[in-house]
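Here the structure is laid out as structure tokens; the discussion comes afterwards.
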Amino acid sequence: MEISAHMVKELREKTGAGMMECKKALAESKGNIDQAIEYLRKKGLQASAKKEGRIAADGSIFSLVSPDAKIGVLLELNCETDFVAKNEDFMALGNELISLLSLSNLKTIEELGNQKLKSGKLVTDKINEIVAKIGEKISLRRFEKIVAASDEIVGNYIHMGSKIGVLVKMKGTKEYTQVVRDVAMHIAASVPRYLEKEEIPASVIASEKEIYREQLKTSGKPEAILEKILEGKMSKFSTEVCLLDQVFIKDPTGKKSVSQILKETNLGLVIMGFLRYQVGEGIEKKKEDFASEVAKMVG
């Protein structure tokens, strides 16, 4: 398969590896970007691990928690530019939708689109009206509603100009909402993928171990030592991706994990689950080729 310059450029942007390394990785993986990234990781050539879910579309995250802290909702509403994401009509729509979601039991985007707003208009019609006014595409991306049990509460946090939103459900009473908010803030900043290490899929553990083993192959160290190093790397991986094992961002010592901090409160607080949205993650944004555009204009 022919490896194009565009493919090499895309892989370099995602990994930070050199041009020749990217070209070789793509050749080895027959042009498959994901396999090429794994190849570079195994060879230790990836400059830095990229966060899962590239940020490639604009919009805002809207969130609402009921006064009794029993219901929490997250909504992602997309548009094409940050300018429109701050538009008054766009923001008003998002706020009305999040309120509507908190009072309903809707499950899908289609159901939400067919709901009536206070004005009597369907959500889809209102979106089309705003699109006609501002000249940008607006789309309902996703939403989720969390309902707490009688001995639980929900907290939220919105970060970075409404670009990141978090919901956390925890065993506890309303008086501890600040603790829940602090945990939500931590999740926004630290991007955990799982609550605890027991949740990490076996396939993910196997894949990480294989990558680390490949990286250690040329070290020349005895097998027993390599196994200890591998164990240490997997332990570090757990502290990076599991919420309870991560170092709590508000801990002044910079050493205590989220689970330690909760335990030390002596309040019996237990995190039951969390949800984190980041605007545009997983959406491929159109990339303009400036050189081609200029060529078209001149030619």
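Can you name every residue in the range 250-268 that is part of a loop (DSSP other than H, G, I, E, B), more than 25 Å from the chain's Cα centre (by Cα) and on the phi < 0 side of the Ramachandran plot?
Passing the criteria: PRO252, THR253, THR265, LEU267.
Got a number for residues in the range 4-32 being in a loop (DSSP other than H, G, I, E, B) and surrounded by fewer than 18 Cβ atoms within 10 Å (Cβ to Cβ)?
Number satisfying all stated conditions: 6.
Looking for something touching a helix residue (DSSP H, G or I) at 6+ places or on another chain (Cβ under 9 Å) and closer than 18 Å to LEU74 by Cα - is there at least one such residue anywhere in the range 124-136?
no
Look through ASP125, ASP68 and report the one residue that is among the charged types (D, E, K, R), on the phi < 0 side of the Ramachandran plot and part of a helix (DSSP H, G or I).
On the way: ASP68 fails: part of a helix (DSSP H, G or I).
Exactly one residue qualifies, and that residue is ASP125.
Checking the condition within 23 Å of GLY280 (Cα to Cα), touching a Cys at 6+ places or on another chain (Cβ under 6 Å) and either at pLDDT below 90 or β-branched (Val, Ile, Thr) (or both), which residue from ILE109, ILE134, ILE138, ILE130 passes?
Of the residues listed, the single one that is within 23 Å of GLY280 (Cα to Cα), touching a Cys at 6+ places or on another chain (Cβ under 6 Å) and either at pLDDT below 90 or β-branched (Val, Ile, Thr) (or both) is ILE138.
Which of the residues belonging to the range 33-46 are more than 26 Å from the chain's Cα centre (by Cα) and either over 24 Å from LYS209 (Cα atoms) or loosely packed, with under 14 Cβ neighbours inside 10 Å (or both)? Before you say what the answer is, go through the steps one by one.
Keep residues of the range 33-46 that are more than 26 Å from the chain's Cα centre (by Cα), which gives 43.
Answer for the range 33-46, where residues must be more than 26 Å from the chain's Cα centre (by Cα) and either over 24 Å from LYS209 (Cα atoms) or loosely packed, with under 14 Cβ neighbours inside 10 Å (or both): there is none.
Find the residue count for the range 99-135, including only residues that are in contact (Cβ under 8 Å) with a residue 40 or more places away in the chain and within 24 Å of the chain's Cα centre (by Cα).
2
Give the residues of the range 1-26 that are farther than 14 Å from ARG41 by Cα and hydroxyl-bearing (Ser, Thr, Tyr), sorted by residue number.
SER4
Can you find a residue that is modelled with pLDDT under 85, out of contact with any strand residue (DSSP E or B) (no Cβ under 6 Å at 6 or more places or on another chain) and under 30 Å from THR177 (Cα atoms) anywhere in the range 236-259?
Within the range 236-259 (the criterion being modelled with pLDDT under 85, out of contact with any strand residue (DSSP E or B) (no Cβ under 6 Å at 6 or more places or on another chain) and under 30 Å from THR177 (Cα atoms)), the answer is no, since none of the residues qualifies.
Let me confirm something: among ALA188, ALA202, ALA224, which residue is under 30 Å from LEU77 (Cα atoms) and either surrounded by fewer than 19 Cβ atoms within 10 Å (Cβ to Cβ) or in contact with a Lys or Arg (Cβ under 9 Å, 6 or more places away or on another chain) (or both)?
Values: ALA202 fails: under 30 Å from LEU77 (Cα atoms); ALA224 fails: under 30 Å from LEU77 (Cα atoms).
It is ALA188.
Applying the selection to the range 21-65, what residues are modelled with pLDDT of 90 or more and on the phi > 0 side of the Ramachandran plot?
LYS30, GLY31, GLY59
Closer than 30 Å to GLN178 by Cβ, assigned by TED's automatic domain parsing to the domain that holds LEU64 and either without any contact (Cβ under 8 Å) to a residue 24 or more places away in the chain or among the polar types (S, T, N, Q) (or both), is that true of SER139?
In short, no.
The values are calculated or read from the model by the stated rules, or taken from the named source; none is laboratory data. Fair warning: this is a prediction, and the values are worked out from it, not measured in the lab. When we count neighbours, we look across all protein chains shown, and the Cβ atoms used for this are built from the backbone with ideal geometry, even at glycine.
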